[in-house]
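A.B. asks: Let me begin by handing over the structure; questions about it come next.
The values are calculated or read from the model by the stated rules, or taken from the named source; none is laboratory data. Please read these numbers as outputs of a predicted model, since none were measured by experiment. Positions of Cβ are backbone-derived with ideal geometry, glycine not excepted, and every protein chain shown enters the neighbour counts. These area figures cover heavy atoms from the full protein model, side chains too; ligands, DNA and RNA do not enter into them. Shrake-Rupley method; radii C 1.70, N 1.55, O 1.52, S 1.80 Å.
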Amino acid sequence: MTSSEPKTKSSSVTSDDTDRNNRKPPSNFIRHLIEQDLASGKHGGRVQTRFPPEPNGYLHIGHAKSICLNFSLAEDYGGHCNLRFDDTNPAKESQEFVDSIKENISWLGFQWHGEVRYASNYFEPLYQFALELIEAGKAYVCSLSPHQAREHRGTLTEPGIDSPDRDRPVAENRVMFERMRQGEFADGEYSLRAMIDMASPNINMRDPVLYRIRHIEHHQTGNKWCIYPTYDYTHCISDAIENITHSLCTLEFGDHRPLYNWILQSLGLESLRQASDLVDSDIQYVLPEQTEFAKLRINYTMGGKRNLKDMVETGVVQGWDDPRMNTLAGMRRRGYTPESIRNFCEMAGVARNEGVVDISMLEHCIREDLDRKAPRVMCVLNPLKVTLADIEKGQVTQLEMAAHPKNEAMGKRSVPFTREIYIDRNDFEEVPPPGFKRLIPGGEVRLRGAYVVRCNEVLKDEQGKVVELICSVDKDTLGKRPEGRKVKGVIHWVSVSEGLPVSVRLYDRLFDAENPEAKSITDYRDCLNPSSLVELQQCIAEPSVANTATAVGFQFEREGYFCIDQADSMNERLVFNRTITLRDSWGTANK
RNA sequence: UGGGGUGUAGCCAAGUGGUAAGGCACAAGGUUUUGAUCCUUGCAUGCGUUGGUUCGAAUCCAGCCACCCCAGCCA
């Protein structure tokens, strides 16, 4: 995978940037909130956001929504967006994921503010703050095992009961917590808990665990620590340290907001300010506020990280970057452009309603972007040989064709025309259905960019399979209409001798079911689309594809948008991935 | 049956008391040497539901219904 820096955008996308700048982003409740806060001067007029992934997997399209939201908001309101790895659970995390996440964000075209942050950067201040909570009588070391703690927690409808260690004296808590850090205890033997309310109707407030013991190496801090802070404890303080103003997260964290606020208020504004990036500044220091929005869900896909991981590990797909995966790595390999994904996220919107976006919206976005950017080229997917009887053997004529029908700036290409060519088998029918306007016996069709031809003879093998067509050429139709008749059909073609043999992978949606993760489906494997990948080895492309290999993608005329698979394209043979088909009113009308 | 959320067209989504934006999808026309693109037109007498307040309600109030999330020392 080659990396693409956000700074070095190709010049061909300048018009997109203009479009982007001219387009007013759709209004949503978070923008309203920020505008209100800006108007009231709540955060000293600042907007500071952050994207806080846990490095425990690859980023997918759902993350893209959060990335676009956080980075765009910061940009639009003159603020900054940090990248912060929420790396508090080393058992599940790794450097591999850190690297891929950074790469994906850059590829999307976003630039985080300053250095990459890690929650693990704050382990020491986090520890000191825990000591403060202990001193304030707001946290205690608990000896309950995870199992016992669960029993003490109560249920959704019944209150929990206090830990026997809730009354442990402050001095003892301090010593015990220090001993936890020193590694004197085994995993799970003790934990540090906030002292809130075991009878709270909000289970997150029933003395949540702040620190747990894990004798395990961390990808950033090595073996320096054997106690690790939990998400709830870490996230709010990390936000406070980084002076985040608007801490955006998904809906399921709504129940955690009271805890987020409890921790920050318990520590106090001044104490947090002392640890924050703003400690030496006169900028007004204000506590961050959490706001929740609905996750992005798309039908015919799975969003769960667990399931994505499972697909990779059990070989359902060929890796995190399999072009059928809705990971950013997979979509990139499939041929999705950053602009199309960003536009999609904007189009789908931000709200608190848990909707499911139709995948056709995503498909629309990539078609729209590629229609503008992709040079046109011809490639025959299922070759059928055609001999043009009135063209001389061995003669090669270079026909000049536009690279793009509407954008002359994209230039021209030479397409060799010869006596023997290939057309697609689907473009010929002996017994055509009503409305068919391609080639039929005795009928005429336009060869795209070339002549009108007539099919005079159909050659078959012993099994009755059509193996070759003999056609005549109307030589007075190059660049002009035929005299006295109309020829409606236009088909694509490639020279037999000059064409380039290539492989083409036709990708389709991975699942047949609208929601592969629905409760009614016991195993997502039961609704896999058996033809999500069809590999064609016998395709023939016009030779110019070899010189244009740097293009974002190609349109194979009348077929769809394709990109070169960088991983599998050997020098002697190119492999193309189909990003998306063209819209096809003929195909859909005939189903 | 505790707590937290959400209900506007097939889907996403604006709307914040003055008479239902926009996009996707779909349908019908037009242009076209891609059955593509592009253009034009159509697509909610009604905003989960029942009442109430008001000259006026998707917007305010009350009740009801449906769906989602929470009992990790995961995030």
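A.B. asks: Quick check on the range A:52-181: take the gyration tensor over C-alpha atoms, sort the square-rooted eigenvalues as a ≥ b ≥ c, and tell me if it's rounded (a/c under 1.5), prolate or oblate.
C.D. replies: It is prolate, given that a/c is not under 1.5 and a/b is the larger ratio.
A.B. asks: Could you work out how far apart the two model spin labels at residue A:168 and residue A:111 are, taking each label as a point 7 Å from the Cα in the direction of the beta carbon, and quote it in nm?
C.D. replies: 4.9 nm
A.B. asks: Keeping all protein chains in place, calculate the accessible area per residue for chain A (probe 1.4 angstrom), answer in Å².
C.D. replies: 47 Å²
A.B. asks: Do the sum for chain A: with -39,500 (n - 2.57) for every DSSP H run of n ≥ 4, divided by all residues, what is the mean residue ellipticity at 222 nm, to the nearest 500 deg cm²/dmol?
C.D. replies: -8000 deg cm²/dmol, from helical runs alone.
A.B. asks: Let me ask something additional. Given an 8 Å cut-off on Cα distances and at least 6 residues of separation, report the relative contact order of the range A:453-493 as a percent.
C.D. replies: This gives 31 percent for the range A:453-493.
A.B. asks: Same structure again: Given contacts defined as C-alpha pairs under 8 Å and at least six residues apart, what's the relative contact order of the range A:16-102, whole-number percent?
C.D. replies: 32 percent
A.B. asks: Would you kindly enumerate the cysteines in chain A that have no other Cys beta-carbon under 4.7 Å from their beta-carbon?
C.D. replies: That list is A:81, A:142, A:226, A:236, A:249, A:365, A:379, A:455, A:471, A:527, A:539, A:563.
A.B. asks: Report relative contact order for chain A in percent, whole number only (criteria: Cα-Cα under 8 Å, sequence separation at least 6).
C.D. replies: 12 percent
A.B. asks: I've got another one for you. Quick check: from the Cα gyration tensor, does chain A come out rounded (a/c under 1.5), prolate or oblate?
C.D. replies: Because a/c hits 1.5 or more and a/b exceeds b/c, chain A counts as prolate.
A.B. asks: Helix A:359-373 versus the longest principal axis of chain A: what angle, 0 to 90°, nearest 10, using Cα atoms?
C.D. replies: For A:359-373 against chain A, the angle is about 60 degrees.
A.B. asks: How far is it, in nm, from the label point at residue A:538 to the one at residue A:490 when both lie 7 Å from their Cα along the line to the Cβ?
C.D. replies: 2.8 nm
A.B. asks: Turning to a different aspect of this structure: In the neighborhood of residue A:97, defined by Cβ-to-Cβ distances under 13 Å, what is the net charge if each Lys or Arg adds +1 and each Asp or Glu adds -1?
C.D. replies: Local net charge: -3.
A.B. asks: Could you state the angle between the C-alpha long axis of helix A:338-348 and the longest principal axis of the C-alpha atoms of chain A, as a value from 0 to 90 degrees rounded to the nearest 10?
C.D. replies: Helix A:338-348 sits at roughly 70 degrees to that axis.
A.B. asks: What's the long-distance tail for the range A:417-557, i.e. % of Cα pairs beyond 27 Å?
C.D. replies: Roughly 41 percent, once rounded to a whole number.
A.B. asks: Rounded, prolate or oblate: pick one for the range A:182-335, where a ≥ b ≥ c are the square roots of the eigenvalues of its C-alpha gyration tensor, a/c under 1.5 means rounded, and failing that, prolate if a/b is larger than b/c, else oblate.
C.D. replies: Prolate is the answer for the range A:182-335, as a/c is 1.5 or above and a/b outweighs b/c.
A.B. asks: Are there trypsin sites (Lys or Arg not before Pro) in the range A:444-534 that DSSP puts in a loop and that have at most 10 other Cβ atoms within 10 Å, and which ones?
C.D. replies: Here the sparse-neighbourhood loop sites are A:465, A:480, A:485, A:486, A:488, A:519.
A.B. asks: Taking θ = phi - 60°, what integer Hz values does the Karplus form 6.51 cos²θ - 1.76 cosθ + 1.60 yield along the range A:399-413, in sequence order, with x for Gly and Pro?
C.D. replies: Values per residue, Gly and Pro as x: 9, 8, 10, 5, 6, 8, x, 10, 10, 5, 4, 7, x, 10, 9 Hz.
A.B. asks: Residues in the range A:96-131 near a label at residue A:318, defined as backbone nitrogen under 14 Å from the 7 Å Cα→Cβ point?
C.D. replies: none
A.B. asks: Within 11 Å, Cβ to Cβ, of residue A:425, how many net charges do the neighbouring residues add up to if Lys/Arg are +1 and Asp/Glu are -1?
C.D. replies: Charge balance near residue A:425 sits at 0.
A.B. asks: Can I ask one more? What net charge do the residues around residue A:117 carry, taking every other residue with its C-beta under 11 Å from that of residue A:117, with Lys and Arg at +1 and Asp and Glu at -1?
C.D. replies: Taking every other residue near residue A:117 into account, the sum is -4.
A.B. asks: A further question on this structure: For the Cα atoms of chain A, what angle does the longest principal axis make with the long axis of helix A:29-40, in degrees from 0 to 90, nearest 10?
C.D. replies: 50 degrees
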